[in-house]
Amino acid sequence: MAKKQVVLVLDETGSMGIIRDHTISGFNEYKNSLKDVLFTLVQFNKAKIEMVHNRVPVKDVPDLDRETYTPTDLTPLYDAIGSTMTDLKGKKGVFVIMTDGQENASVEYSQQQIFDMVTEKRKKGWEVVFLGADQDAWATGQVIGVSKGSTMSYDKAKIVETFTHLGVATARSLSGEDGDFWKNKDREDLK
């Protein structure tokens, strides 16, 4: 039986700089909460879209630190999602997009292409999750094909708590629990 997968497309743009240490802490807690999954991490900004880990057993993924998470530059959100989905292997899993900014720098993928890719992955059994801060996350999620039940708006001041809730929701999803990825209580706690 194939291992379950978790993919995290993590914003590493300049606006994340003010919560750099909290993002590192939250990511490490999230990663360490996952058990027996193959983990993919993509960090992105205008200067790079980097697949840092690709289908690595989560126990072998090192923690982020100030050297491996260095926010800078603009937000090529569509390019980060599109290039990651293009390289995605496996039949299903949890695909998480986490950003505090709106698309402002993509050159290879359009909003419609991302909508089509997300829709196709969801049809194939992937749970595609969108977490957005400093924006209307539900509107952004909707235009890229993410369901309302898999979208959450979070306050940047609560990013560590957001990662904690993400860990709980990811575990529920991987266990096969039906229903919305996020439970209503999770959403209300993080606004």
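Miscellaneous remarks
- Share of pairwise Cα separations in segment 1-64, more than 18 Å, in percent: 36
- Share, in percent, of DSSP beta bridges within segment 1-99 that are antiparallel, nearest 5: 35
- In segment 43-191, Cα pairs under 8 Å separated by at least six residues give a relative contact order of 19 percent.
- Relative intensity, log₁₀ I(q)/I(0), of segment 82-145 from a Debye sum that treats every alpha carbon as a point, q = 0.14 Å⁻¹: -0.39
- Residue-span extension gain [residue 68 to residue 136] - 0.36 nm each, minus C-alpha spacing: 21.6 nm
- Eligible aspartates and glutamates near residue 46 by straight Cα distance, threshold 15 Å, same-chain separation 8 or greater: 11, 12, 73, 79, 100, 103, 108
- Filtered GluC sites (Glu not before Pro), segment 20-109: DSSP coil and at most 13 other beta carbons within 10 Å: 67, 108
- In order along segment 98-108, the Karplus-derived 3J(HN,Hα) couplings, from 6.51 cos²θ - 1.76 cosθ + 1.60 at θ = phi - 60°, round to 10, 8, 10, x, 8, 3, 8, 8, 6, 10, 9 Hz, and Gly and Pro are given as x.
- 5 angstrom amide H check on residue 95, placed H, neighbours 5+ away: 7, 127, 128, 129
- Whole-Hz Karplus values for segment 4-15 come out as 6, 10, 10, 10, 10, 9, 10, 4, 10, 8, x, 5 Hz, taken residue by residue from phi with 6.51 cos²θ - 1.76 cosθ + 1.60 and θ = phi - 60°; glycine and proline positions read x.
- log10 of Debye I(q)/I(0), alpha-carbon scatterers only, for the chain at 0.14, 0.18 Å⁻¹: -0.70, -1.29
- In a reduced charge model with +1 at each Lys and Arg Cβ and -1 at each Asp and Glu Cβ, the chain shows a dipole moment near 740 debye about its Cα centre.
- Residue with peak Gaussian network fluctuation, the chain [Cα springs, cutoff 10 Å], from 124, 46, 92: 124
- Stretching the chain fully between residue 110 and residue 33 yields a gain of 24.3 nm (0.36 nm per residue, less the alpha carbon separation).
- Across 48/89; 123/158; 35/148; 48/123; 59/92; 48/91, pairs whose alpha-carbon gap is larger than 23 Å: 123/158; 35/148; 48/123; 48/91
- Euclidean distance of C-alpha centroids, segment 83-145 and segment 3-81, integer Å: 15
Throughout, read-outs are computed from the coordinates displayed, never taken from laboratory work. Everything quoted here is computed from the prediction, not taken from an experiment. Virtual Cβ from ideal backbone geometry, glycine too; neighbours counted across all protein chains shown.
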